[in-house]
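Since the structure comes first, as C-alpha cells, the remarks are kept for the end.
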Amino acid sequence: MTHLIAPSILSADFANLQAACEMLNNSNADWYHIDVMDGVFVPNLTLGMPIIKAIKKHSQKPFDVHLMIVAPEKFIAAFADAGANLLTVHYEACTHLHRTIQQIKAAGMKAGVALNPHTNINVLEDIIQDIDLVLIMSVNPGFGGQSFIENTYHKVKSLKELIIRKKSTALIEIDGGVTTDNARKLIDCGADVLVAGSFIFKSENPKNIIHQLKSV
C-alpha cells in the first residue's frame, strides 16, 4: 500500500472552509484529518459536531476524526452521525479502552487509538489486533506548528514490529511536525498515514505540498 496523506483541517482558514474542502477534494489527499479538542484533555478548544457536519457537505473523502477529549465514549454516536469514517480515541483518555473500541465499530466506523509522546507502544499489546489504526503523536497534543519529536522514529519501528508479531492489520499514522524533510524516513520506519496541518495550509501552494508529501 502506498502511504496516505491526511491534511489536518484545523490549520485551514476557518473563514473559508468551503474553499479548503474544494482544494482537498482536488488534491492528492486521501483523508480529511479532523482534530477535536475539549480544553480538558488538552489545553485547547477546536471543532465540534456542527462544524464537522458543515465540512461533510463539501467533502469527497473519508473523515479521519481524532478525539483529544475526556470520556470519548459519550460522543461516539454523535461523531458517527456527523460523518466520521474513522474515529481515534486516546489511550490516556479511556478507562475501558476495549469497550470503547467495540462501541466505535458497532457505530459503523473504523477504530483508532492514539498515543501521546510519553506513552509506550507496549500498552497496545492486548488490543492491537482489534484496532484499525494507531496514531502516534510526534508532538505534544493541543496546538499546531510544534517541532517534531525525534524519538518518534524509534517508536514507529517498535510499533511496526508489534503489528507484525501480532498479525494485526492496523495502520500507523503520524501526527505532528510532519514535513517533506522527515516524511520519507517515517515511511521507511513503517508509517502508513501522514498527517500535516500548518506545513500544508500555511504554504503558498497547499495542493503542491500535498503532492510532494504523497510523492516522497
Report task. Please enumerate the residues belonging to the range 192-208 that are within 14 Å of G177 (Cα to Cα) and either assigned to a helix (DSSP H, G or I) or within 18 Å of the chain's Cα centre (by Cα) (or both). Result -> V193, L194, V195, A196, G197, S198, F199, I200, F201
Report summary line: Counting only residues in the range 161-179 that are out of contact with any Phe, Trp or Tyr (no Cβ under 6 Å at 6 or more places or on another chain) and within 24 Å of G197 (Cα to Cα), the one surrounded by the fewest Cβ atoms within 10 Å (Cβ to Cβ) is identified as L171
Requested in this report: Output the residue which, of all residues in the range 165-189 that are among the hydrophobic types (A, V, I, L, M, F, W, C) and part of a loop (DSSP other than H, G, I, E, B), is nearest to I131 (Cα to Cα).
Outcome: A170
Report task. Quickly run through the range 102-132 and pick out the residues that are crowded, with 21+ Cβ neighbours inside 10 Å and not in a loop (DSSP other than H, G, I, E, B). Result -> I104, A111, G112, V113, A114, I121, L124
Query raised in the report: Can you pull out the residues in the range 133-155 that are part of a helix (DSSP H, G or I) and either of a type in the set (F, W, Y) or surrounded by 20 or more Cβ atoms within 10 Å (Cβ to Cβ) (or both)?
Result: T152, Y153, K155
Report task. Could you list all residues from the range 17-58 that are part of a helix (DSSP H, G or I), at pLDDT below 95 and crowded, with 19+ Cβ neighbours inside 10 Å? Result -> I52, I55
Query raised in the report: Do you know which of the residues in the range 59-101 that are under 12 Å from I127 (Cβ atoms) and under 15 Å from the mean Cα position of the chain (by Cα) is surrounded by the fewest Cβ atoms within 10 Å (Cβ to Cβ)?
Result: Y91
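The values are calculated or read from the model by the stated rules, or taken from the named source; none is laboratory data. Since the structure is predicted, the reported quantities are computational estimates derived from the model, not experimental observations. All Cβ positions, glycine included, derive from the backbone under ideal geometry; neighbour counts span all protein chains shown.
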